[in-house]
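Colleague: I have a structure I would like to understand better, so I am pasting it below and will then ask my questions one at a time.
The values are calculated or read from the model by the stated rules, or taken from the named source; none is laboratory data. Nothing here was measured: the structure is a model prediction, and the numbers come from that model. Note that each Cβ is placed from the backbone with ideal geometry, even for glycine, and that neighbours are counted across all protein chains shown. Heavy atoms of the whole protein, side chains included, go into the accessibility calculation; ligands, DNA and RNA do not. Shrake-Rupley method; radii C 1.70, N 1.55, O 1.52, S 1.80 Å.
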Amino acid sequence: MTSAVLAIVAVVVIVLVAAIWFLVRRSAPAASPIQPGPAPRLVPAPPVASYDVDGTTATVSFDVPLPDGEIDDELRELLIREAIEVVRDKRRGSPIDSVRRVVAMGRRGTGWQEVGSVSLETPGQLPPLTAPFSLPGFSAGRTFDPFETMAAGPEHVPGLAAGTGSDTLGPLAAELHIPASLQAGLRSQGIDPAGADAGALVIGILRLTGSTVTQKSDDTYEALAAGYRTLIRVVAHHESHHPELGDDEVRRFAADFATSRADRALLITEKYAPFEVYDRERRDPRARYVTRERLQHFIDGLALG
């Protein structure tokens, strides 16, 4: 076969391939536009206690403790937004063509109270997807690092419990200022800032700011964030206890950290810190103690906008 014939055959093959590709492309269905999905969620959605559609109203009740008195705008907006997303998810199995109003409810005592509602301009037509809750200044790409916050904090004088003149501790909430946006985020996890202990507050904050926290036992947790595995020990306080963290509790925490696979460790308590805590932190800064006199600085370290 001459070179001229080979060249003709090659041209014919190329033309046939191009023709087939063109026909296949024309016959293929047009691609559907990509629909935007929900923004990444930093924390779990508020727990839903019930969902009901009655005529033109869809009601979502959240197992979220409401504050006494007036409800902050931050919490109201958070629960209304979450209620819309619950309805959006439920409509696949429960048509909402006649729904004109979405109501968000929260828990107050043993009953329920309306937090807020939104009216739909067109029945059954929900507002567009919105970004899930996050604290001001935080996003899916930023994680709060309590170790950086505590390293930059002021040195508190140890042994403050001795200066209280009492062997009992007052309510923790009375000594703390918690911004409204942070309170809303804590309540969305079922945590009432007015009555929560130090462990619940700190773990709730960590979850709000990008950490994945898993409970390992009654008083031990593990947090994963920013490439670090952190051992968390919560030392509860009871009325019969001394207001200062005990040496035995400090030693147990240090021993458990030494034998763990964790990169860092946090001990959380609403008790005051003994002098031993400060000495241990200077020798091993990978282990930190969030004690009563440090809790406000820990909260302030979020640098809320």
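Colleague: Report, to the nearest whole %, how much of the accessible area of segment 192-305 belongs to carbon and sulfur atoms, 1.4 Å probe, protein only. All intermediate terms of the calculation are to be shown ahead of the outcome.
Modeller: On the way: 2370 of 5080 Å².
Carbon and sulfur atoms account for 47 percent of the accessible area of segment 192-305.
Colleague: May I ask you to evaluate 6.51 cos²θ - 1.76 cosθ + 1.60, the Karplus curve with θ = phi - 60°, for each residue of segment 189-203 and list the ³J(HN,Hα) values in order in whole Hz, giving x for glycine and proline?
Modeller: Each residue of segment 189-203 in turn: 9, x, 9, 8, x, 6, x, 6, 8, 4, x, 5, 5, 5, 5 Hz.
Colleague: Calculate, in nm to one decimal, what Q113 and D284 gain on full extension: separation in residues at 0.36 nm each, minus their alpha carbon distance.
Modeller: Length gained, Q113 through D284: 56.7 nm.
Colleague: Mind checking segment 216-302 for chymotrypsin sites (Phe, Trp or Tyr not before Pro) that DSSP puts in a loop (not H, G, I, E or B) and that have at most 11 other Cβ atoms within 10 Å? Intermediate values should be presented prior to the final figure.
Modeller: Numbers: sites: Y221, Y228, F253, F257, Y272, F275, Y278, Y289, F298; in loops: none.
Answer in residue order: no site qualifies.
Colleague: In µm²/s, what is D for segment 42-114 at 25 °C and 0.890 mPa s, where D = kT/(6 pi eta Rh) by Stokes-Einstein and Rh is the Kirkwood radius from Cα pairs?
Modeller: Working: Rh = 12.7 Å.
It comes out at roughly 193 µm²/s.
Colleague: Between T168 and K216, what's the calculated FRET efficiency when r is the beta-carbon distance and R0 is 30 Å? Round to 0.05.
Modeller: Numbers: r = 30 Å, r/R0 = 1.01.
Rounded to the nearest 0.05, the efficiency is 0.50.
Colleague: Whole-Hz Karplus ³J(HN,Hα) for segment 212-228, in order, using 6.51 cos²θ - 1.76 cosθ + 1.60 and θ = phi - 60°, x for Gly and Pro?
Modeller: The phi angles translate into 9, 10, 10, 7, 9, 7, 4, 10, 10, 9, 10, 10, 10, 6, 6, x, 10 Hz.
Colleague: Over the residues of segment 91-141, compute the C-alpha Rg and express it relative to 2.2 N^0.38 Å.
Modeller: Taking N as the residue count of segment 91-141, the ratio is 1.53.
Colleague: Could you give the length gained on full extension between D197 and A255, defined as 0.36 nm per residue of separation minus the Cα-Cα distance, in nm?
Modeller: 18.4 nm
Colleague: What percentages, rounded to whole numbers, describe P(r) for segment 216-271 computed over all alpha carbon pairs with 10 Å bin width beginning at zero?
Modeller: 23, 51, 22, 4
Colleague: Under 5 Å between amide hydrogens, which residues at least 5 positions from A49 or on another chain qualify, with H placed 1.01 Å from N in the peptide plane?
Modeller: So A49 has HN proximity to S61, F62, D63.
Colleague: Let me ask something else about it. Starting from the amide H of E244, placed 1.01 Å from N in the peptide plane, find each other amide H under 5 Å away whose residue is 5 or more places distant or on another chain.
Modeller: Under 5 Å from the amide H of E244: Y272.
Colleague: Give me the percent relative contact order of segment 179-305, please, defined on Cα pairs under 8 angstrom at least 6 residues apart.
Modeller: 19 percent.
Colleague: Which whole-percent values make up P(r) of segment 221-305 when all C-alpha to C-alpha distances are grouped in 10 Å steps starting at zero?
Modeller: All Cα pairs, binned at 10 Å, distribute as 17, 49, 30, 5 percent.
Colleague: Do any GluC sites (Glu not before Pro) in segment 48-108 lie in a loop, going by DSSP, with at most 13 other beta-carbon atoms within 10 Å of their beta carbon, and if so which?
Modeller: Here the sparse-neighbourhood loop sites are E70.
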